[in-house]
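See below for the structure under consideration.
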């Protein structure tokens, strides 16, 4: 991993920008994902699909308390054990208690951002429980000792050569760059883990209130094995994942599949409504569902409701020009990167200033808003968060002073005019007494001219040029 996720934000960004292999991998992967998404959405009535998906998510969030109560009742009626967790610590302790009660030594996991959010793997490992990620991408980064760098494709930052080297070192695979051979090696190793695991753990894409059902989307079939083969199955679901009806879940499944990977439907859509019934051939003896808050109620209270509409498809990440340059690890150890990560990571924290740089990691170009299948106005949320950071005086003092000076100048026409004239003469002086672009500025402004030229300020303002033009047009012609 070229980026140290524990380093300060600016250090992470510099490390990412120096990694040419990282940007090559990001360009290749995000171009493919964005292209597939565009084709998949063009094959349907995309505006109508997006409108309907947003309507479902808005209804769920606006009726969250009653839907969660209905979900709990139906899960319990199906034989599930439901646990409520206010924060990450409560969720971890709940899973550990279930594991201890059943003397679990080996656990398998389906890909889950929410378990990354609460640091579940580390907690289980500290308790002496071996945890194996069974999604191929997550398995690769687990071997590498790295956090995911993308919501959907966690290993997006690695090339096939990197994966081959990892498998040779950790799994004894013969040297090869053939994806089929690499996948076959992973399949053999993971089959052993499925057969020995006493506990399966997954996240939750949607939780259906009317039936008490947990849904997970996968393309590899590992999710179905995680939820049915071990004798104990634990699903960790953010409370915002609830949907009213099964028809809503199916429509959102289609929406997420087209937006995430450009598929009409993902290969697997696993629905779990409880433990194994008498006479059933497979399924867990116990099924536990942990409904996690961990700051989600706080997001609602603070007026950022739209952030909870997200279905974690990653479409905003793939089109973000900032993410495509720096990748997911530059956002830090958070599992949520890109535009949506820049919104929800600060919001999930008790103090928004804990990740104060992330709302500024955006060009506000609006590509994320256009790609979002549930029409979240991410640029607006980012601007609101920037305002919060500034209001709390969490931005650098020099930056605040510069913005105040700029604001005062822009509000006063006379001062603005004088500042423009002064700026023109300064850039002219730096350029050697000539009008033209400046190739070198003194520190600290030289950070700009290190990679580009600085356009010189015009000798006359736009208003002056307009007045002169009007004067020429109204001047009587000479005889």
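Values in this text are rule-based calculations from the coordinates and carry no lab data. It should be emphasised that the depicted structure is a prediction, and the values quoted were computed from it without experimental measurement. Glycine also receives a Cβ, built like all others from the backbone with ideal geometry; neighbour counts cover every protein chain displayed.
Tabulated data for the structure shown
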quantity	calculated
Residues located in segment 191-221, provided they are part of a helix (DSSP H, G or I) and touching a helix residue (DSSP H, G or I) at 6+ places or on another chain (Cβ under 7 Å)	194
Residue match in segment 433-453 (condition: free of Cβ contacts under 8 Å to residues at least 40 places away in the same chain, over 29 Å from the mean Cα position of the chain (by Cα) and within 24 Å of residue 302 (Cβ to Cβ))	no
Segment 229-249: number of residues that are in a helix (DSSP H, G or I), more than 24 Å from residue 90 (Cα to Cα) and touching a strand residue (DSSP E or B) at 6+ places or on another chain (Cβ under 8 Å)	3
Residues located in segment 233-253, provided they are more than 26 Å from residue 348 (Cβ to Cβ) and in contact (Cβ under 8 Å) with a residue 24 or more places away in the chain	245, 246, 251
Among (1) touching a residue at least 12 places away in the same chain (Cβ under 8 Å); (2) over 30 Å from residue 265 (Cα atoms); (3) assigned to a helix (DSSP H, G or I), the one test that residue 5 misses	(3)
Among (1) touching a helix residue (DSSP H, G or I) at 6+ places or on another chain (Cβ under 7 Å); (2) under 29 Å from residue 254 (Cβ atoms); (3) touching a residue at least 60 places away in the same chain (Cβ under 8 Å); (4) surrounded by fewer than 20 Cβ atoms within 10 Å (Cβ to Cβ) - the single one residue 325 does not satisfy	(2)
Residue check for residue 275: out of contact with any helix residue (DSSP H, G or I) (no Cβ under 8 Å at 6 or more places or on another chain), farther than 21 Å from residue 392 by Cβ and crowded, with 16+ Cβ neighbours inside 10 Å	yes
Candidates 350, 371 - the one that is closer than 20 Å to residue 332 by Cα and in contact (Cβ under 8 Å) with a residue 24 or more places away in the chain	350
Checklist (1) assigned to a loop (DSSP other than H, G, I, E, B); (2) within 21 Å of the chain's Cα centre (by Cα); (3) buried (at least 20 other Cβ atoms within 10 Å of the Cβ) applied to residue 284, failing item	(2)
